[in-house]
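For reference, the structure is listed below as C-alpha coordinates.
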Amino acid sequence: MKEEKYQDPFTDRYASEQMLRLFSSLHQAKVWRALWIALAKTQKDLGLNITRQQIDDLKKFKEDIDFCAIEKYEKQTRHDCFAHILAYGEQAKLAKPILHLGATSCFVKDNADLIIFRDALQLIKVRLLQTMQNLSEFAFKYKDLPTLGWTHLQPAQLTTVGKRAALWLYDLKCDYDLVCQTISSLKLRGAKGTTGTQASFLELFNGDEKKVNRLDRQLANEFEFDGVYPLTGQTYSRKVDYQILCCLSSIAQSASKFGCDLRLLMSLKELEEPFEIDQIGSSAMAYKRNPMRSERLCSLARFAISLPINASVTASTQWLERTLDDSANRRISMTQGFLSVDSILNLYLDITSNLVVYEKIIEKNIRAELPFMVTENIIMQGVAQGGDRQQLHEAIRKHSMESSKSIKLCGQPCDLIERLKSDVLFKKILHKFDEILLPKNYTGMASVQTAEFINQVISPLLKDHEHVIRKTPKAKISI
(Lines give C-alpha, C1' and ligand atoms only; values in the text may rest on other atoms or scores of the structure.)
Protein backbone atom coordinates (compact mmCIF):
# COMPACT_ATOMS: atom_id res chain seq x y z
CA MET A 1 0.00 0.00 0.00
CA LYS A 2 1.34 3.44 -0.93
CA GLU A 3 2.05 5.82 1.92
CA GLU A 4 -0.23 8.81 2.28
CA LYS A 5 2.52 11.26 1.45
CA TYR A 6 4.43 12.41 -1.60
CA GLN A 7 6.93 9.96 -3.01
CA ASP A 8 9.84 11.28 -5.06
CA PRO A 9 9.60 9.81 -8.60
CA PHE A 10 13.37 9.38 -8.73
CA THR A 11 13.21 7.14 -5.69
CA ASP A 12 10.04 5.33 -6.74
CA ARG A 13 10.53 4.96 -10.48
CA TYR A 14 13.66 6.24 -12.17
CA ALA A 15 17.05 6.35 -10.43
CA SER A 16 19.35 3.38 -9.84
CA GLU A 17 19.93 1.83 -6.44
CA GLN A 18 23.63 2.75 -6.67
CA MET A 19 22.92 6.46 -7.12
CA LEU A 20 20.13 6.48 -4.53
CA ARG A 21 22.52 4.98 -1.97
CA LEU A 22 25.10 7.70 -2.63
CA PHE A 23 22.55 10.42 -1.85
CA SER A 24 20.83 8.64 1.03
CA SER A 25 20.72 10.12 4.53
CA LEU A 26 22.56 7.06 5.81
CA HIS A 27 25.47 7.43 3.41
CA GLN A 28 25.72 11.16 4.06
CA ALA A 29 25.81 10.56 7.82
CA LYS A 30 28.57 7.99 7.40
CA VAL A 31 30.63 10.41 5.32
CA TRP A 32 30.16 13.10 7.96
CA ARG A 33 31.46 10.72 10.61
CA ALA A 34 34.39 9.73 8.40
CA LEU A 35 35.25 13.44 8.17
CA TRP A 36 35.04 13.93 11.93
CA ILE A 37 37.29 10.90 12.46
CA ALA A 38 39.79 12.14 9.89
CA LEU A 39 39.80 15.60 11.48
CA ALA A 40 40.45 14.23 14.97
CA LYS A 41 43.08 11.78 13.75
CA THR A 42 44.94 14.46 11.79
CA GLN A 43 44.75 16.91 14.70
CA LYS A 44 46.23 14.22 16.97
CA ASP A 45 49.02 13.52 14.47
CA LEU A 46 49.82 17.24 14.42
CA GLY A 47 50.19 17.39 18.19
CA LEU A 48 46.82 18.27 19.68
CA ASN A 49 45.82 16.62 22.96
CA ILE A 50 43.65 13.88 21.46
CA THR A 51 44.11 10.25 22.52
CA ARG A 52 44.12 7.03 20.54
CA GLN A 53 41.22 5.85 22.73
CA GLN A 54 39.14 8.83 21.60
CA ILE A 55 39.85 8.10 17.94
CA ASP A 56 38.93 4.43 18.48
CA ASP A 57 35.72 5.51 20.18
CA LEU A 58 34.76 7.58 17.13
CA LYS A 59 35.56 4.68 14.81
CA LYS A 60 33.52 2.26 16.94
CA PHE A 61 30.31 4.14 16.19
CA LYS A 62 31.11 5.26 12.64
CA GLU A 63 28.48 2.98 11.07
CA ASP A 64 25.97 3.05 13.92
CA ILE A 65 23.74 6.00 13.00
CA ASP A 66 20.94 6.64 15.51
CA PHE A 67 18.47 8.64 13.41
CA CYS A 68 15.90 8.72 16.20
CA ALA A 69 18.37 10.58 18.42
CA ILE A 70 19.37 12.86 15.55
CA GLU A 71 15.72 13.74 14.87
CA LYS A 72 15.15 14.44 18.56
CA TYR A 73 18.14 16.75 18.81
CA GLU A 74 17.30 18.56 15.58
CA LYS A 75 13.84 19.39 16.90
CA GLN A 76 15.50 20.86 20.01
CA THR A 77 18.36 22.73 18.32
CA ARG A 78 16.87 23.53 14.88
CA HIS A 79 20.34 22.71 13.52
CA ASP A 80 20.92 19.52 11.52
CA CYS A 81 24.69 19.38 11.89
CA PHE A 82 24.64 20.05 15.63
CA ALA A 83 22.01 17.33 16.04
CA HIS A 84 24.43 14.85 14.43
CA ILE A 85 27.24 16.05 16.71
CA LEU A 86 25.10 15.54 19.83
CA ALA A 87 23.92 12.10 18.71
CA TYR A 88 27.48 11.01 17.84
CA GLY A 89 28.84 12.37 21.13
CA GLU A 90 26.15 10.52 23.03
CA GLN A 91 27.48 7.28 21.55
CA ALA A 92 31.22 8.04 21.52
CA LYS A 93 31.38 9.50 25.02
CA LEU A 94 35.17 9.40 25.28
CA ALA A 95 35.51 11.45 22.10
CA LYS A 96 32.71 13.90 22.82
CA PRO A 97 35.01 16.65 24.19
CA ILE A 98 37.12 16.79 21.02
CA LEU A 99 34.44 16.08 18.41
CA HIS A 100 34.17 18.80 15.72
CA LEU A 101 37.12 20.67 17.29
CA GLY A 102 37.72 24.01 15.58
CA ALA A 103 35.26 23.18 12.80
CA THR A 104 32.08 24.75 11.49
CA SER A 105 29.12 22.83 10.07
CA CYS A 106 30.43 23.40 6.53
CA PHE A 107 33.44 21.27 7.42
CA VAL A 108 31.24 18.20 7.24
CA LYS A 109 28.53 19.49 4.90
CA ASP A 110 30.65 20.94 2.11
CA ASN A 111 33.40 18.34 2.29
CA ALA A 112 30.84 15.53 2.31
CA ASP A 113 29.04 17.05 -0.67
CA LEU A 114 32.29 17.17 -2.63
CA ILE A 115 33.07 13.54 -1.76
CA ILE A 116 29.58 12.38 -2.73
CA PHE A 117 29.51 14.47 -5.93
CA ARG A 118 32.86 13.04 -6.99
CA ASP A 119 31.70 9.46 -6.35
CA ALA A 120 28.43 10.14 -8.18
CA LEU A 121 30.35 11.54 -11.17
CA GLN A 122 32.44 8.37 -11.17
CA LEU A 123 29.25 6.32 -11.45
CA ILE A 124 28.01 8.63 -14.24
CA LYS A 125 31.35 8.12 -15.98
CA VAL A 126 30.89 4.33 -15.92
CA ARG A 127 27.32 4.63 -17.20
CA LEU A 128 28.61 6.76 -20.08
CA LEU A 129 31.23 4.13 -20.92
CA GLN A 130 28.62 1.35 -20.86
CA THR A 131 26.33 3.34 -23.15
CA MET A 132 29.23 4.19 -25.46
CA GLN A 133 30.05 0.50 -25.68
CA ASN A 134 26.48 -0.28 -26.79
CA LEU A 135 26.47 2.52 -29.36
CA SER A 136 29.90 1.65 -30.74
CA GLU A 137 28.84 -1.95 -31.34
CA PHE A 138 25.64 -0.78 -33.02
CA ALA A 139 27.41 1.85 -35.11
CA PHE A 140 30.08 -0.56 -36.31
CA LYS A 141 27.51 -3.22 -37.18
CA TYR A 142 25.51 -0.80 -39.35
CA LYS A 143 28.33 1.42 -40.61
CA ASP A 144 27.71 0.31 -44.22
CA LEU A 145 23.91 0.34 -44.23
CA PRO A 146 22.71 3.30 -46.33
CA THR A 147 19.85 5.41 -45.03
CA LEU A 148 18.26 8.73 -45.91
CA GLY A 149 19.94 11.71 -44.37
CA TRP A 150 17.70 14.55 -43.25
CA THR A 151 18.33 18.29 -43.06
CA HIS A 152 15.54 20.66 -41.97
CA LEU A 153 13.57 17.38 -41.57
CA GLN A 154 13.60 17.13 -45.36
CA PRO A 155 15.22 14.23 -47.23
CA ALA A 156 18.87 14.99 -47.99
CA GLN A 157 21.97 13.12 -49.15
CA LEU A 158 22.34 9.56 -47.95
CA THR A 159 24.33 8.64 -44.88
CA THR A 160 24.51 5.30 -43.07
CA VAL A 161 22.70 4.01 -40.01
CA GLY A 162 26.08 3.48 -38.36
CA LYS A 163 27.31 7.00 -39.13
CA ARG A 164 24.19 8.47 -37.52
CA ALA A 165 24.79 6.35 -34.42
CA ALA A 166 28.43 7.48 -34.44
CA LEU A 167 27.20 11.06 -34.18
CA TRP A 168 25.29 10.12 -31.02
CA LEU A 169 28.44 8.39 -29.82
CA TYR A 170 30.59 11.44 -30.55
CA ASP A 171 28.36 13.57 -28.32
CA LEU A 172 28.79 11.09 -25.47
CA LYS A 173 32.56 11.11 -25.95
CA CYS A 174 32.49 14.91 -25.52
CA ASP A 175 30.44 14.42 -22.35
CA TYR A 176 32.85 11.76 -21.10
CA ASP A 177 35.77 14.16 -21.52
CA LEU A 178 33.83 16.85 -19.64
CA VAL A 179 33.03 14.44 -16.78
CA CYS A 180 36.71 13.49 -16.49
CA GLN A 181 37.68 17.15 -16.50
CA THR A 182 35.08 17.96 -13.84
CA ILE A 183 36.19 15.10 -11.60
CA SER A 184 39.86 16.08 -11.89
CA SER A 185 39.02 19.71 -11.05
CA LEU A 186 37.22 18.83 -7.80
CA LYS A 187 39.10 19.45 -4.57
CA LEU A 188 38.26 19.14 -0.91
CA ARG A 189 37.13 22.23 0.97
CA GLY A 190 39.32 21.23 3.88
CA ALA A 191 39.32 22.79 7.35
CA LYS A 192 38.73 26.49 6.73
CA GLY A 193 36.72 27.67 9.73
CA THR A 194 33.73 29.97 9.92
CA THR A 195 34.72 32.55 7.31
CA GLY A 196 37.42 30.66 5.46
CA THR A 197 40.34 32.30 7.30
CA GLN A 198 41.36 29.16 9.26
CA ALA A 199 41.55 31.36 12.36
CA SER A 200 40.21 28.68 14.72
CA PHE A 201 42.76 26.14 13.52
CA LEU A 202 45.58 28.66 13.69
CA GLU A 203 44.66 29.22 17.33
CA LEU A 204 44.51 25.48 18.03
CA PHE A 205 48.03 25.09 16.66
CA ASN A 206 49.36 28.13 18.53
CA GLY A 207 49.94 30.18 15.40
CA ASP A 208 51.81 27.42 13.52
CA GLU A 209 50.78 28.07 9.89
CA LYS A 210 52.63 25.02 8.64
CA LYS A 211 50.50 22.73 10.79
CA VAL A 212 47.33 24.46 9.61
CA ASN A 213 48.35 23.83 6.00
CA ARG A 214 49.38 20.24 6.79
CA LEU A 215 45.96 19.66 8.30
CA ASP A 216 44.37 20.54 4.96
CA ARG A 217 46.82 18.47 2.93
CA GLN A 218 46.39 15.38 5.09
CA LEU A 219 42.61 15.65 4.99
CA ALA A 220 42.74 15.87 1.19
CA ASN A 221 44.98 12.78 1.07
CA GLU A 222 42.70 10.90 3.42
CA PHE A 223 39.78 11.31 0.99
CA GLU A 224 41.87 10.89 -2.17
CA PHE A 225 41.71 14.45 -3.46
CA ASP A 226 44.80 16.05 -4.97
CA GLY A 227 44.40 19.11 -2.76
CA VAL A 228 42.00 21.61 -1.22
CA TYR A 229 40.52 24.77 -2.68
CA PRO A 230 43.06 27.53 -2.00
CA LEU A 231 40.38 30.07 -1.09
CA THR A 232 36.92 29.66 0.39
CA GLY A 233 34.49 31.65 2.46
CA GLN A 234 32.55 29.57 4.93
CA THR A 235 31.58 27.45 1.91
CA TYR A 236 33.46 26.44 -1.19
CA SER A 237 32.54 28.63 -4.14
CA ARG A 238 29.11 27.75 -5.46
CA LYS A 239 30.59 28.19 -8.93
CA VAL A 240 31.69 24.58 -8.45
CA ASP A 241 28.06 23.45 -8.21
CA TYR A 242 27.30 25.39 -11.38
CA GLN A 243 30.15 23.63 -13.19
CA ILE A 244 28.93 20.23 -12.01
CA LEU A 245 25.37 20.88 -13.16
CA CYS A 246 26.65 22.18 -16.51
CA CYS A 247 28.46 18.87 -16.92
CA LEU A 248 25.29 16.93 -16.08
CA SER A 249 23.24 19.18 -18.35
CA SER A 250 25.60 18.42 -21.22
CA ILE A 251 24.94 14.70 -20.83
CA ALA A 252 21.21 15.34 -20.76
CA GLN A 253 21.48 17.39 -23.97
CA SER A 254 23.23 14.52 -25.77
CA ALA A 255 20.73 11.99 -24.50
CA SER A 256 17.80 14.16 -25.55
CA LYS A 257 19.25 14.51 -29.06
CA PHE A 258 19.40 10.72 -29.28
CA GLY A 259 15.91 10.34 -27.85
CA CYS A 260 14.42 12.88 -30.26
CA ASP A 261 16.17 11.26 -33.24
CA LEU A 262 14.94 7.83 -32.24
CA ARG A 263 11.37 9.06 -31.86
CA LEU A 264 11.52 10.53 -35.37
CA LEU A 265 12.99 7.30 -36.77
CA MET A 266 10.31 5.25 -35.01
CA SER A 267 7.72 7.42 -36.73
CA LEU A 268 9.39 6.51 -40.04
CA LYS A 269 9.41 2.87 -38.87
CA GLU A 270 13.15 2.61 -39.58
CA LEU A 271 14.36 2.05 -36.01
CA GLU A 272 12.59 0.95 -32.86
CA GLU A 273 13.35 0.97 -29.16
CA PRO A 274 12.88 -2.31 -27.23
CA PHE A 275 9.24 -3.31 -26.87
CA GLU A 276 8.32 -6.10 -24.47
CA ILE A 277 5.83 -8.87 -25.21
CA ASP A 278 3.19 -7.65 -22.75
CA GLN A 279 3.92 -3.93 -23.12
CA ILE A 280 0.95 -1.66 -23.83
CA GLY A 281 1.62 1.12 -26.33
CA SER A 282 -1.69 2.91 -25.81
CA SER A 283 -4.67 2.36 -23.53
CA ALA A 284 -7.01 3.19 -26.44
CA MET A 285 -5.18 2.15 -29.60
CA ALA A 286 -4.11 -1.45 -29.11
CA TYR A 287 -1.90 -1.56 -32.23
CA LYS A 288 0.42 1.24 -31.13
CA ARG A 289 4.09 0.85 -30.20
CA ASN A 290 4.77 4.24 -28.67
CA PRO A 291 8.40 5.30 -27.99
CA MET A 292 7.79 5.24 -24.24
CA ARG A 293 11.42 4.90 -23.12
CA SER A 294 12.87 7.54 -25.39
CA GLU A 295 9.99 9.87 -24.50
CA ARG A 296 10.75 9.40 -20.82
CA LEU A 297 14.42 9.98 -21.54
CA CYS A 298 13.64 13.28 -23.27
CA SER A 299 11.26 14.29 -20.49
CA LEU A 300 13.86 13.74 -17.78
CA ALA A 301 16.52 15.41 -19.93
CA ARG A 302 14.43 18.58 -20.16
CA PHE A 303 14.55 18.80 -16.37
CA ALA A 304 18.30 18.15 -16.11
CA ILE A 305 19.14 20.57 -18.93
CA SER A 306 17.41 23.38 -17.02
CA LEU A 307 19.33 23.00 -13.75
CA PRO A 308 22.47 25.11 -14.45
CA ILE A 309 20.39 28.30 -14.42
CA ASN A 310 19.34 27.44 -10.87
CA ALA A 311 22.96 27.01 -9.75
CA SER A 312 24.00 30.21 -11.50
CA VAL A 313 21.42 32.16 -9.51
CA THR A 314 22.64 30.56 -6.28
CA ALA A 315 26.29 31.35 -7.07
CA SER A 316 25.45 34.95 -7.90
CA THR A 317 23.52 35.62 -4.68
CA GLN A 318 25.98 34.37 -2.05
CA TRP A 319 26.38 37.36 0.25
CA LEU A 320 29.91 38.16 1.39
CA GLU A 321 31.43 35.11 3.18
CA ARG A 322 28.20 33.08 3.43
CA THR A 323 24.44 33.09 3.38
CA LEU A 324 22.21 30.11 4.11
CA ASP A 325 19.74 30.61 1.28
CA ASP A 326 21.73 28.12 -0.80
CA SER A 327 21.13 25.21 1.57
CA ALA A 328 17.53 24.16 0.95
CA ASN A 329 17.93 24.78 -2.78
CA ARG A 330 21.09 22.65 -3.06
CA ARG A 331 19.48 19.74 -1.21
CA ILE A 332 17.06 19.56 -4.12
CA SER A 333 18.88 20.84 -7.20
CA MET A 334 22.22 19.07 -6.75
CA THR A 335 20.74 15.76 -5.64
CA GLN A 336 18.09 15.69 -8.33
CA GLY A 337 20.61 16.77 -10.94
CA PHE A 338 22.53 13.57 -10.31
CA LEU A 339 19.43 11.39 -9.93
CA SER A 340 17.96 12.70 -13.19
CA VAL A 341 21.11 12.11 -15.24
CA ASP A 342 21.55 8.69 -13.66
CA SER A 343 17.97 7.89 -14.71
CA ILE A 344 18.59 9.26 -18.20
CA LEU A 345 21.72 7.17 -18.74
CA ASN A 346 20.00 4.04 -17.42
CA LEU A 347 17.31 4.55 -20.05
CA TYR A 348 19.88 5.33 -22.76
CA LEU A 349 21.77 2.17 -21.84
CA ASP A 350 18.62 0.07 -21.84
CA ILE A 351 17.41 1.37 -25.21
CA THR A 352 20.75 0.91 -26.97
CA SER A 353 21.05 -2.63 -25.64
CA ASN A 354 18.27 -3.78 -27.98
CA LEU A 355 17.75 -1.25 -30.78
CA VAL A 356 15.80 -2.77 -33.67
CA VAL A 357 16.61 -1.85 -37.29
CA TYR A 358 14.06 -2.39 -40.07
CA GLU A 359 16.28 -2.60 -43.13
CA LYS A 360 13.48 -3.12 -45.64
CA ILE A 361 11.69 0.03 -44.52
CA ILE A 362 14.96 1.95 -44.74
CA GLU A 363 15.46 0.61 -48.27
CA LYS A 364 11.89 1.51 -49.22
CA ASN A 365 12.31 5.07 -47.93
CA ILE A 366 15.54 5.42 -49.91
CA ARG A 367 13.84 4.20 -53.08
CA ALA A 368 11.15 6.84 -52.68
CA GLU A 369 13.68 9.71 -52.60
CA LEU A 370 16.84 8.51 -54.32
CA PRO A 371 15.66 9.06 -57.90
CA PHE A 372 15.56 12.82 -57.32
CA MET A 373 18.98 12.77 -55.65
CA VAL A 374 20.79 10.95 -58.46
CA THR A 375 19.71 13.24 -61.28
CA GLU A 376 23.06 15.08 -61.34
CA ASN A 377 24.82 11.74 -61.80
CA ILE A 378 22.42 10.85 -64.61
CA ILE A 379 23.24 14.14 -66.37
CA MET A 380 26.97 13.47 -66.04
CA GLN A 381 26.60 9.95 -67.45
CA GLY A 382 24.48 11.30 -70.31
CA VAL A 383 27.09 13.95 -71.17
CA ALA A 384 29.82 11.29 -71.09
CA GLN A 385 27.85 9.42 -73.77
CA GLY A 386 27.68 12.51 -76.01
CA GLY A 387 24.48 14.13 -74.71
CA ASP A 388 23.83 17.86 -74.42
CA ARG A 389 23.99 18.93 -70.77
CA GLN A 390 21.31 21.63 -71.10
CA GLN A 391 18.89 19.36 -72.94
CA LEU A 392 19.37 16.61 -70.35
CA HIS A 393 18.90 19.07 -67.52
CA GLU A 394 15.66 20.44 -69.00
CA ALA A 395 14.29 16.96 -69.59
CA ILE A 396 15.03 15.91 -66.01
CA ARG A 397 13.47 19.11 -64.70
CA LYS A 398 10.19 18.47 -66.56
CA HIS A 399 10.05 14.79 -65.64
CA SER A 400 10.82 15.63 -61.99
CA MET A 401 7.99 18.14 -61.85
CA GLU A 402 5.51 15.66 -63.32
CA SER A 403 6.65 12.86 -61.03
CA SER A 404 6.47 15.13 -57.98
CA LYS A 405 2.95 16.20 -58.95
CA SER A 406 1.93 12.57 -59.29
CA ILE A 407 3.28 11.81 -55.82
CA LYS A 408 1.76 14.81 -54.04
CA LEU A 409 -1.59 15.12 -55.81
CA CYS A 410 -2.38 11.51 -56.67
CA GLY A 411 -0.50 9.61 -53.97
CA GLN A 412 1.41 7.61 -56.58
CA PRO A 413 4.87 6.16 -55.96
CA CYS A 414 7.87 7.92 -57.47
CA ASP A 415 8.06 7.08 -61.19
CA LEU A 416 10.88 9.47 -62.18
CA ILE A 417 13.28 6.70 -63.23
CA GLU A 418 10.65 5.01 -65.40
CA ARG A 419 9.95 8.36 -67.07
CA LEU A 420 13.65 8.92 -67.78
CA LYS A 421 14.16 5.41 -69.10
CA SER A 422 11.35 5.96 -71.59
CA ASP A 423 12.84 9.26 -72.79
CA VAL A 424 14.93 8.90 -75.95
CA LEU A 425 17.48 11.43 -74.61
CA PHE A 426 18.61 8.84 -72.03
CA LYS A 427 18.60 5.81 -74.32
CA LYS A 428 22.40 5.57 -74.41
CA ILE A 429 22.72 5.19 -70.64
CA LEU A 430 19.89 2.73 -69.95
CA HIS A 431 22.48 0.10 -68.98
CA LYS A 432 23.90 2.51 -66.37
CA PHE A 433 20.72 3.09 -64.37
CA ASP A 434 21.08 0.09 -62.03
CA GLU A 435 24.58 1.17 -61.06
CA ILE A 436 23.55 4.80 -60.72
CA LEU A 437 20.75 3.81 -58.35
CA LEU A 438 22.95 1.81 -55.93
CA PRO A 439 22.51 3.58 -52.54
CA LYS A 440 26.03 2.69 -51.41
CA ASN A 441 27.40 4.99 -54.10
CA TYR A 442 25.95 8.01 -52.32
CA THR A 443 27.08 7.60 -48.70
CA GLY A 444 30.48 9.18 -49.24
CA MET A 445 32.95 8.37 -46.48
CA ALA A 446 30.27 7.68 -43.87
CA SER A 447 31.41 4.08 -43.36
CA VAL A 448 35.10 5.01 -43.24
CA GLN A 449 34.49 7.88 -40.83
CA THR A 450 32.50 5.61 -38.52
CA ALA A 451 35.09 2.83 -38.51
CA GLU A 452 37.99 5.22 -37.95
CA PHE A 453 36.26 7.01 -35.08
CA ILE A 454 35.40 3.76 -33.34
CA ASN A 455 38.76 2.06 -33.97
CA GLN A 456 40.96 5.04 -33.20
CA VAL A 457 39.03 6.83 -30.44
CA ILE A 458 36.30 4.74 -28.83
CA SER A 459 37.70 1.20 -28.78
CA PRO A 460 40.99 2.18 -27.07
CA LEU A 461 39.04 4.11 -24.44
CA LEU A 462 36.68 1.19 -23.78
CA LYS A 463 39.61 -1.23 -23.61
CA ASP A 464 41.35 0.94 -21.02
CA HIS A 465 38.24 0.81 -18.84
CA GLU A 466 36.90 -2.67 -19.60
CA HIS A 467 37.42 -3.86 -16.01
CA VAL A 468 35.26 -1.01 -14.66
CA ILE A 469 32.59 -1.50 -17.33
CA ARG A 470 32.42 -5.20 -16.60
CA LYS A 471 32.52 -4.82 -12.81
CA THR A 472 29.73 -2.23 -12.52
CA PRO A 473 26.31 -3.87 -12.93
CA LYS A 474 23.90 -2.18 -15.32
CA ALA A 475 20.90 -0.70 -13.58
CA LYS A 476 17.49 -2.11 -14.37
CA ILE A 477 14.92 0.45 -15.43
CA SER A 478 11.68 0.42 -13.50
CA ILE A 479 8.13 0.81 -14.78
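The values are calculated or read from the model by the stated rules, or taken from the named source; none is laboratory data. Bear in mind that the values here come from a model prediction, so they are computed numbers and not experimental data. Note: ideal-geometry Cβ built from the backbone for every residue, glycine included; neighbour counts use all protein chains shown.
The set of residues in the range 269-312 being farther than 30 Å from Ile332 by Cα, at pLDDT 90 or above and surrounded by 16 or more Cβ atoms within 10 Å (Cβ to Cβ) consists of Glu270, Leu271, Glu272, Glu273.
Listed here are the residues, each with its yes/no results for (1) assigned to a helix (DSSP H, G or I); (2) touching a helix residue (DSSP H, G or I) at 6+ places or on another chain (Cβ under 6 Å).
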site	(1), (2)
Lys163	yes, yes
Leu169	yes, yes
Gly207	no, no
Lys210	yes, no
Gly233	no, no
Tyr236	no, yes
Tyr242	yes, yes
Cys247	yes, yes
Arg263	yes, yes
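Applying the condition of being of a type outside the set (Val, Ile, Thr) and buried (at least 17 other Cβ atoms within 10 Å of the Cβ) to the range 179-188 and asking which residue is farthest from Asn455 (Cα to Cα) yields Leu188.
Please list, ordered by residue number, the helices (runs of 4 or more DSSP H) wholly in the range 383-479 having 1 or more residues that are modelled with pLDDT of 90 or more.
389-410, 446-453, 459-464, 466-471
For the range 100-122, the criterion of being assigned to a loop (DSSP other than H, G, I, E, B), surrounded by fewer than 21 Cβ atoms within 10 Å (Cβ to Cβ) and of a type in the set (A, V, I, L, M) is met by at least one residue.
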